[in-house]
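Every number in this text was worked out from the coordinates using simple rules, so none of it is lab data. Keep in mind the model is a prediction, meaning the values are calculated, not measured. Quick reminder, even Gly has a Cβ in these numbers, built from the backbone with ideal geometry, and neighbours come from all protein chains shown.
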Amino acid sequence: MISFLAMQAIASHAGHELLGCMELGAHLHEPIPLELPIWGLLAAVIVLAVLLHRTGRRATPLIAACDMAQMAFAMQPDGMTGQSSAAPPTGNAPSTTTATADSWWAHVATGIRIGLIGSPVLAVAETALPTYFAMRYFEPGWWPVGFVLGAVGKAAILHSIVWCPLLGLLGFFLWAWRRGRVAPEPALTAAAVLIVGLMIVPLDLDMAHLLRRGPVIGSCGATVVLAGAMYFLMRRLARRSPRGLRKWMQRFAGMGTAATLLTGYVFIRSPLASPGDYRVPLHAVAAPRTNDPHVLWILLDTVRADHLGLHGYPEATTPFLDAWSRQALVCDRAISDSMWTLPAHASMFTGLSVREHGVDFAFPFLDERFTTVAEALKQNGYQTACFSNNPWIWKHTNVVQGFDEKHVLYHTRNIGRFSLSYLFQRIGWVPPIGWLEQDYGAAVTNHYIAQWLASRVDAGDPLFLFVNYFDAHLPYSVPLSYRRMFMDERQVARSYELRYEFGNLTAALDYRYNIEGPDFLSEEDHVVLRRLYASGIRYLDDRVRELMQMFEARGMLENTLVVIASDHGEHLGEQGLWAHRYLTHEVLTRAVLMVREPGRTTGQRMETATALSDLYPTVLRHVLGDSAPAGGPEARDLLSPMASDGSPRVVISKYNGPAQEMLKRIGEPSTQEMAHRCAPQIAAHDGRYKLLLSDSGRRELYDVIADPGETRNVSGTMTDEAQRLETYIAQWRARTPKYVPPKEMNIPSEDPHTVRVLKSLGYLGGQ
């Protein structure tokens, strides 16, 4: 039976790999948490089972322990009489409802036992398969063992809660229908396979974006065949040895229950259990003092600068960062070298413009000829580690060259997915318990950073830690408690309905909204989505605080150069656009940028234009001094006196157009506006004025101080400013070499799964 259930689980997940990327519900925070009644019920059943456990049974300690565990859910119907529930009535004794195999309780208990056997088997299959496919993204020798066990426990507990009562109820109906004249094992086992298969297969196919008639009919047909085979096999075994079969089922149920409880304990102590409430345990263990400062670089992926309180946002999205900024250098007019993740990271890590390093959709790979921050620090004795939640930031794109450890924690999210909870999302319900909650990886990231720190700081070497947090990115997977900070209950409910009302929120906003228009969303939906985005930033603020506390608890923070930045922003309906595709608008290119060197206690605001590529010389010159590599000729050390003297500066932001897959999706642009969006663009920023030149022929000038929404093109009235910036662009192009990839490069071949993940996130042309 276990083998057939395993086959069913594997069949239901075949081809799924890591697709779907579950964003599970959220924790309701009721006055009495719903976890308490569940755990109280389990505890009461365990106590009752112990009291009713029959005495005098000869068994090994292991079997006895398994029996005790399984009785927590399926007590023996004969109480403490010592008579087997499978034994037929003897002599002329009347048949009773508590001592015969024909009793209603025997049928109910059999259904519960089948649920107890199948639940952990399904949980193991659901976890083992995505873990296997995620192996390619793990560092050699690194395995998130605790996370995997916790994911098994999460699925096993929730499966048990669903399947045990359901199969027990089916057992009662089977008894009522046949009045005990049939052994329950064959019918109930076949029913378990059939129900599980018919529910999970379509859900998994839907998550894999394969919900088409052919795969669904084929998978459901295979489920029916498996259920029929299971029925005939169990019927044959029941006829040969009904008592032996029941005995072995009892033992397997006991082992399954024990495994569920043990892995469940790991689960409730892990970040999988309500990540919005999870906090990393802080250990006040002093780390050895190093001569060189540590470097902590925090990247807030997709966070708009104007949504931080320190930049004027009216609601409390960043209470910690607002306070922290008062002892840091804050660049008020920081500009991203690009408007999406990969080229922006390449510029930060090399100090080069997009034109110089060439990384973009057409060439998503950083040439090894360029020296990154991590490489320079590693060569000078630093231990380097990258914890990324963005699948672009990993070895396949080579932007992480120089890091000793490269953990792409984005893929751990899929190990912890739970197929039945997807039903809540498809219907738009808010899951009722915190166990179904999931963020976009920040809790797990901090969990493993804490482990990394504990294993590295005692060595006495300086550390360089880079962290990419992804929780402000579509589809805005934010814990419920943070949604409630910015939304009323009606808006909260709507935020969950929107998640899958359109099939996929990322696809709806990044493709349909931007290509077909926003008419399918109401104004109230726009409000809900904007508040959902703000709640994601608020959640990140707490995770950044937690990360700082880890360094502080070990006495490392005062000797740490801290960089906090975002790689780009996000359209939230401005100019009829959503997400971060198309155009070099201010909402995309204006970035967060704060730096605090060791010993700084007073804040400073820099009003002149700065670029994210300035972080390369800023970090390396502070740590390595004059021997540090310079990076690009335009990059400046932001901590040097020359950078803060207030002299005017112009910085460049570049957009080379969307990916080819996206251009194919759009086809021939139907309007001049769409042609403009698809054309390569370059923008020159001087802190107040921004000139945008497009290959479509557009020439736009904006006063981003007076008109931050860029609604008034003043290129026709402020011709001197427009000409000044246009001349600067021409001169910049003339003196800045354009990267041309070598004819022969050892570039990793495209990984099909990675392509599918990137499409699901809106970076490529979609499903």
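So what is the diffusion coefficient of the range 297-640 in µm² per second by Stokes-Einstein at 25 °C and 0.890 mPa s, using a Kirkwood Rh over Cα pairs? Display every interim value, and only then the final one.
Details: Rh = 20.6 Å.
Estimated diffusion coefficient is 119 µm²/s.
Which of the lysines could a cross-linker bridge to K743, judged by Cα under 27 Å and excluding same-chain residues fewer than eight apart?
In chain and number order, the partners are K395, K654, K664.
If you wrap a convex hull around the Cα atoms of the range 563-610, how much volume per residue is inside, in Å³?
Working: hull volume 4.4 nm³, N = 48.
So the per-residue Cα hull volume is 92 Å³.
Within the range 567-585, find all residues whose amide N lies under 12 Å from a label point positioned 7 Å from the Cα of T711 along Cα-to-beta-carbon.
Answer for this model: 574-575.
Can you pull out the GluC sites (Glu not before Pro) in the range 314-408 that DSSP calls coil and that have at most 15 other Cβ atoms within 10 Å? Don't jump to the answer; show the numbers that get you there.
Details: sites: E315, E356, E368, E375, E405; in loops: E315, E368.
For GluC sites (Glu not before Pro) across the range 314-408 that sit outside H, G, I, E and B with at most 15 neighbouring Cβ atoms in 10 Å, the list reads E315, E368.
Quick one: grab the alpha carbon gyration tensor of the range 646-741, order the square roots of its eigenvalues as a ≥ b ≥ c, and give me rounded if a/c is under 1.5, else prolate or oblate depending on whether a/b is larger than b/c. Intermediate values should be presented prior to the final figure.
Working: a/c = 2.25, a/b = 1.35, b/c = 1.67.
Oblate is the answer for the range 646-741, as a/c is 1.5 or above yet b/c matches or exceeds a/b.
Cross-link candidates for K247: which lysines have Cα within less than 26 Å, leaving aside residues fewer than 8 places away along the same chain?
Counting by Cα, and skipping residues close in sequence, K247 has no lysines nearby.
Just to confirm a number: summing +1 for Lys and Arg and -1 for Asp and Glu over residues other than A679 whose beta-carbon lies under 10 angstrom from that of A679, what do you get? Mind showing how you got there, number by number?
Details: positive: R677, R698; negative: D695.
Net charge around A679: +1.
Considering only DSSP states other than H, G, I, E and B, which trypsin sites (Lys or Arg not before Pro) in the range 237-327 qualify as loop sites with at most 11 other Cβ atoms within 10 Å?
Values: sites: R239, R240, R243, R246, K247, R251, R269, R279, R289, R304, R326; in loops: R269, R279, R289, R304.
In loop regions of the range 237-327 (DSSP not H, G, I, E or B), the sparsely surrounded trypsin sites (Lys or Arg not before Pro) are R289.
Read phi for every residue in the range 119-136 and hand back ³J(HN,Hα) as whole Hz from Karplus 6.51 cos²θ - 1.76 cosθ + 1.60, θ = phi - 60°, with x for Gly and Pro.
4, x, 5, 4, 4, 4, 5, 4, 8, 5, 5, x, 5, 4, 6, 7, 4, 5
Taking the Cβ of G381 as the centre, find all other residues whose Cβ is under 11 Å away and add up their charges (Lys, Arg: +1; Asp, Glu: -1). Working shown, then result.
Details: positive: K378; negative: D292, D461.
So the environment of G381 carries a net charge of -1.
From the Cα gyration tensor of the range 572-672, with a ≥ b ≥ c the square roots of its eigenvalues, which class applies: rounded if a/c is under 1.5, or else prolate if a/b is larger than b/c, or else oblate? Show your work: numbers first, answer last.
Values: a/c = 2.89, a/b = 2.20, b/c = 1.32.
Since a/c reaches 1.5 and a/b is larger than b/c, the shape of the range 572-672 is classed as prolate.
What are the extents of the Cα atoms of the range 237-310 along their three principal axes, listed from largest to smallest and rounded to whole Å?
Each principal axis gives a Cα extent; for the range 237-310 these are 74, 38, 18 Å.
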